[in-house]
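Below: one structure, written as structure tokens.
The values are calculated or read from the model by the stated rules, or taken from the named source; none is laboratory data. Because the structure is a prediction, the values reported are computed rather than measured. Cβ atoms come from the backbone with ideal geometry, glycine included; neighbour counts cover every protein chain shown.
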Amino acid sequence: MVAMVVGLAALCAASPVAAQSKEDSQWAPTAGGTLGKLDSGPLSTFMEKIGLELDMTGRTFDVGAARGRPGHSMIRITFTQIRIKDGSSANDGFYRFVTDNVAIRGLKVERQFRFGPTKWPVAPMLTVHGGVGKVSGSVAKFQPAPGTRRYDGPPISSESVVEIFEGHSWLPIFGLGVGATASPSRHLTVTVAAYGLDTLGAYKGLVQVVYWPR
């Protein structure tokens, strides 16, 4: 998975940024996060096909560095955290798991595509990202009452959250978003994704900010 991240970073770095030379590009600090909640609901059909029923909500946050310049496409390389709300749940058909202090933390590489002339003050954009993260936290494990799918009783044990993911503590991070981007000054770019997907769910509303030093 680390090789996947390195490969993606190399691919992004090699991709041409629209109407922009390497001499014009610069590194800049960047941060972002979801405004609305991350909700597993829109991905429920896919998750059920792999034998996992999710009822999870949460939020995402990232901080790192961007490569590009105002009014153009860019690359972002960031530390990211996906924080799952306590009390979210998963069901593998045999047990129900309820989360406590669960988060995925890792590295992601993002390519943000800006469409339209540089002179446009606001332009449509598409962002895609991939990476790898380590999951941490615990889950309370519930067993259904005999002959039912009711989980009304007390938990039978407390387990590491990796049990939901078949013992894997490292997970792929992936997603995309669509929205708009604007550069109100030569030092600032603000991007708003109206809708997107991030690993375990979908979100409505994400903001990213880049401060260009020169």
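Scanning region 131-159 for residues that are at pLDDT 95 or above and either within 18 Å of T191 (Cα to Cα) or of a type in the set (S, T, N, Q) (or both) gives S136, S138.
Would you say D100 is modelled with pLDDT of 95 or more, surrounded by fewer than 21 Cβ atoms within 10 Å (Cβ to Cβ) and over 18 Å from Y211 (Cα atoms)?
Working: modelled with pLDDT of 95 or more: yes; surrounded by fewer than 21 Cβ atoms within 10 Å (Cβ to Cβ): yes; over 18 Å from Y211 (Cα atoms): yes.
Here the answer is yes, as D100 does meet what is asked.
Restricted to region 41-54, and to residues there that are closer than 19 Å to T99 by Cα and free of Cβ contacts under 8 Å to residues at least 40 places away in the same chain, the residue that is surrounded by the most Cβ atoms within 10 Å (Cβ to Cβ) is M47.
Count, please, the residues in region 31-69 that happen to be of a type in the set (S, T, Y), modelled with pLDDT of 90 or more and over 14 Å from Q81 (Cα atoms). So the answer is 1.
Got a sec? Which strands (runs of 3 or more DSSP E) wholly within region 141-214 have at least 2 residues that are out of contact with any helix residue (DSSP H, G or I) (no Cβ under 7 Å at 6 or more places or on another chain)?
Ranges flagged: 157-160, 170-185, 188-198, 206-211.
Can you find even one residue in region 189-199 that is exposed (fewer than 15 other Cβ atoms within 10 Å of the Cβ) and in contact (Cβ under 8 Å) with a residue 24 or more places away in the chain? Looking through region 189-199, none of the residues is exposed (fewer than 15 other Cβ atoms within 10 Å of the Cβ) and in contact (Cβ under 8 Å) with a residue 24 or more places away in the chain.
Yes/no matrix, rows are residues, columns are (1) hydroxyl-bearing (S, T, Y); (2) exposed (fewer than 12 other Cβ atoms within 10 Å of the Cβ); (3) touching a residue at least 12 places away in the same chain (Cβ under 8 Å); (4) more than 24 Å from Y195 (Cβ to Cβ):
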| position | (1), (2), (3), (4) |
| --- | --- |
| H129 | no, no, yes, no |
| S136 | yes, no, yes, yes |
| F142 | no, no, yes, yes |
| V162 | no, no, yes, yes |
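The single condition from (1) surrounded by 15 or more Cβ atoms within 10 Å (Cβ to Cβ); (2) without any contact (Cβ under 8 Å) to a residue 60 or more places away in the chain; (3) of a type in the set (V, I, T) that T57 fails is (2). Among the residues of region 60-97, those that are among the acidic types (D, E) and surrounded by fewer than 18 Cβ atoms within 10 Å (Cβ to Cβ) comprise D86, D92.
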